[in-house]
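Please read the structure below before turning to the comments.
The numbers here are math on the coordinates, done by the rules we state, and not lab data. Remember, predicted model here, so these are calculated numbers, not experimental data. A quick note on method: Cβ atoms are made from the backbone with ideal geometry, for glycine too, and the neighbour counts reach across all protein chains shown.
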């Protein structure tokens with residue numbers, strides 16, 4: 001069992017600790033009637049290979065994306081999804097998953113677009129649960145359908161589109177690029193003929209600070225770092241100010257949802273938005289400014 | 001273009017699983033058979049030149065010459081959550097081991113779609129296609145003089 005070197009979540013100095021729960025908390029509350037545990041992974045084989053007993057799966061591609069357009073599900077599809085999962089507006093939804101919760105934070109972010117704020121991330125994600133030797137099952141749970149009202153998706157509060165990002169750049173706004181340093185610089189790090197991140201141009205959005213998403217995580221335990229260490233990275237080292245809006249981006253918006261979660265919930269930045277168009281849009285757009293060192 | 005015979009037979013058999021859940025369990029069973037590269041071929045820390053670019057599961061590939069002009073494939077997947085990468089490694093090894101670099105060179109990246117379907121994330125697609133590309137690339141150079 002991997003022990004945590006950090007104090008309890010409530011004692012780590014986070015601005016909104018209620019958005020993070022421990023594996024102990026999940027073990028204790030996973031069967032509560034008003035709690036729903038959801039696993040979101042990049043790897044589609046993980047959930048069926050074993051998951052937390054009682055956990056349902058939310059598949060990013062199948063459940064959260066529009067099947068035709070590059071966009072997220074619409075209000076009726078979201079309603080159908082949460083009702084299938086037995087979720088009501090009062091259900092506390094706990095997300096966890098692979099990749100140190102990349103996809104869990106992505107799913108939480110999409111739920112937030114529909115106003116479901118009663119949600120949290122399981123600190124350490126799937127790998128922490130597994131490493132702690134906690135029970136896993138292949139049994140797929142079932143739920144009686146719930147009732148959830150139709151909610152219009154809000155694309156302004158937590159999400160930002162390309163033209164707004166362009167205005168943000170022109171206004172010298174704060175951006176954080178959470179991709180790898182090699183992606184940030186536009187350096188090609190692949191064998192001949194290997195595709196370059198799905199974009200025609202490499203580099204980064206002008207003015208962006210490079211803070212790879214994984215810096216917010218303890219690589220040994222997968223847990224989020226305490227607030228003082230996060231502040232040291234984002235505020236002291238990179239100079240990001242909570243007094244002005246920050247836009248986070250990566251390649252398609254999944255890694256940046258992780259940093260969105262860190263800045264908004266753990267550090268309490270009031271204005272953080274995720275640019276899900278990210279580099280696959282920006283690096284393919286005609287005429288937008290690009291910076292390369 | 002059809003794949004080499006053994007791989008084509010595998011793809012055809014997999015296609016018989018119309019139920020996605022059954023297909024997924026078949027792929028998981030392949031992942032459970034995964035064996036990392038032997039110490040005779042490579043030991044950690046592995047050379048970066050064998051790392052599959054863009055693969056978040058941290059897959060590595062080696063291709064060594066074998067008898068009769070064929071090659072042997074070897075893999076490791078450092079991320080214990082990289083089940084799809086492990087399944088792909090087993091599928092490539094079981095169905096391509098012993099073939100010539102020319103035969104392996106005919107395998108297209110469409111293999112990822114034929115095995116996993118078309119609903120993978122962009123990153124997962126890139127990683128798994130990278131395994132196919134890396135295997136072909138190293139196979140083509142397996143008999144180069146060091």
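Share of antiparallel DSSP beta bridges in region A:162-282, in percent to the nearest 5?
Rounded to the nearest five, the antiparallel share is 10 percent.
Considering every residue in B:111-121, what mean count of other chain Cβ atoms within 10 Å of its Cβ is obtained?
Mean shielding count: 3.
Which value, to two decimals, describes the C-alpha radius of gyration of region A:73-147 once divided by 2.2 N^0.38 Å?
Here the Cα radius of gyration is 1.18 times the empirical estimate.
Need one number: % antiparallel among DSSP beta bridges in the protein assembly as shown, to the nearest 5.
35
At 0.890 mPa s and 25 °C, plugging the Kirkwood radius over alpha-carbon pairs of region B:95-145 into Stokes-Einstein gives what diffusion coefficient in µm²/s?
My calculation gives 210 µm²/s for D.
State, to one decimal in nm, how far the label point of residue A:187 lies from the label point of residue A:77, with both points 7 Å from Cα in the Cβ direction.
3.8
If packing is taken as the average count of other Cβ atoms within 10 Å, what order do A:178-185, B:115-122 fall into, highest mean first?
Packing proxy ranking, top to bottom: A:178-185, B:115-122.
Report the percentage of all Cα-Cα pairs in region A:9-131 whose separation exceeds 19 Å, rounded to a whole percent.
44
Which shape class applies to region A:162-282: rounded if a/c is under 1.5, otherwise prolate when a/b exceeds b/c and oblate if not, where a ≥ b ≥ c are the square roots of the Cα gyration tensor eigenvalues? Present the calculation step by step, with values, prior to reporting the outcome.
Numbers: a/c = 2.05, a/b = 1.27, b/c = 1.61.
Judged from the Cα gyration tensor, region A:162-282 comes out oblate (a/c at least 1.5, b/c at or above a/b).
With everything on Cα atoms, drop me the angle between helix B:5-15 and the longest principal axis of chain B, reported from 0 to 90° to the nearest 10.
Long axis of B:5-15 versus the principal axis of chain B: about 30 degrees.
Measure nothing fancy, just the Cα-based angle from helix B:20-32's long axis to the longest principal axis of chain B, in degrees from 0 to 90, nearest 10.
Computed tilt is about 30 degrees.
Taking the Cα atoms of the protein assembly as shown alone, what are Rg (to one decimal) and Dmax (as a whole number) in Å?
22.2, 68
Between the helical axis of A:75-84 and the dominant principal axis of chain A, each derived from Cα atoms, what acute angle in degrees is found, rounded to the nearest 10?
Result, in degrees: 30.
With each run of n ≥ 4 DSSP H residues scored as -39500 (n - 2.57), what mean residue ellipticity at 222 nm is computed for chain B after dividing by its residue count and rounding to the nearest 500 deg cm²/dmol? The partial results should precede the final answer.
Working: 6 runs with 68 residues, N = 146.
Taking each H run of at least 4 residues, the total per residue is -14000 deg cm²/dmol.
Mind running the shape call on region B:5-140? Use the C-alpha gyration tensor, a ≥ b ≥ c as the square roots of the eigenvalues: rounded below 1.5 for a/c, prolate if a/b tops b/c, oblate otherwise.
Oblate.
As a check on your grasp of the helix formula, calculate [θ] at 222 nm for chain A: sum -39500 (n - 2.57) over DSSP H runs of n ≥ 4, divide by the residue count, round to the nearest 500.
Roughly -6000 deg cm²/dmol at 222 nm, from the helical runs in chain A.
Where the centroid of each part is defined by its Cα atoms, how far is region B:90-146 from region A:68-120 in Å?
Result: 35 Å between the Cα centres.
Per Stokes-Einstein, at 25 °C and 0.890 mPa s, what whole-number D in µm² s⁻¹ belongs to region B:65-139, with the Kirkwood radius over Cα pairs as the hydrodynamic radius? Write down the numbers at each step before the final one.
Numbers: Rh = 12.8 Å.
Estimated via Stokes-Einstein, D reaches 192 µm²/s.
So, by mean Cβ neighbours within 10 angstrom, what's the order for A:261-269, A:280-288 with the highest one leading?
Ranking the peptides A:261-269, A:280-288 by packing returns A:261-269, A:280-288.
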